[in-house]
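Undergrad: Here it is, the structure in full.
Just so it is clear, none of the values below were taken in a lab; they were calculated from the coordinates. This one's a predicted model, so the numbers in the text were calculated from it and none came from an experiment. Cβ atoms come from the backbone with ideal geometry, glycine included; neighbour counts cover every protein chain shown.
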Amino acid sequence: MAAGHGVAVVPRDAELTTQQAAGPLDVSRPFLIGLLRAGEIEYRTVGTHRRIAMTSLHDYLGRDDQRRRDAADELTQLGQEMGLAYALR
């Protein structure tokens, strides 16, 4: 908020449409559907519509963040082993 970005408050027990769930992930709806089909995010169907629980979306974000951190740590370790120096700017 201090940086001027908007904030949305969503109850943890809310169910989102695929369009609504794609927003917080900053991905397209078709990409999100691919994640759902791959089993990356739990969802349920209501008729022909998919509904994603906010808790499922939050769980996915946590797992994805951890995967990114692990990959960065691995790259850092490999760089150190190879004797590469990194300059922080």
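Undergrad: Give the residues of segment 34-89 that are of a type in the set (Val, Ile, Thr) and surrounded by 11 or more Cβ atoms within 10 Å (Cβ to Cβ), sorted by residue number.
TA: Here is the first cut: in segment 34-89, the ones of a type in the set (Val, Ile, Thr) are 41, 45-46, 48, 52, 55, 76.
Once the filter is applied, which keeps residues that are of a type in the set (Val, Ile, Thr) and surrounded by 11 or more Cβ atoms within 10 Å (Cβ to Cβ), segment 34-89 yields ILE41, ILE52, THR55, THR76.
Undergrad: Can you name every residue in segment 1-27 that is farther than 23 Å from GLN66 by Cβ and loosely packed, with under 12 Cβ neighbours inside 10 Å?
TA: Initial filter on segment 1-27 (farther than 23 Å from GLN66 by Cβ): 1-9, 11, 13-15, 17-20.
Listed by number, the residues that qualify are MET1, ALA2, ALA3, GLY4, HIS5, GLY6, VAL7, ALA8, VAL9, PRO11, ASP13, GLN19.
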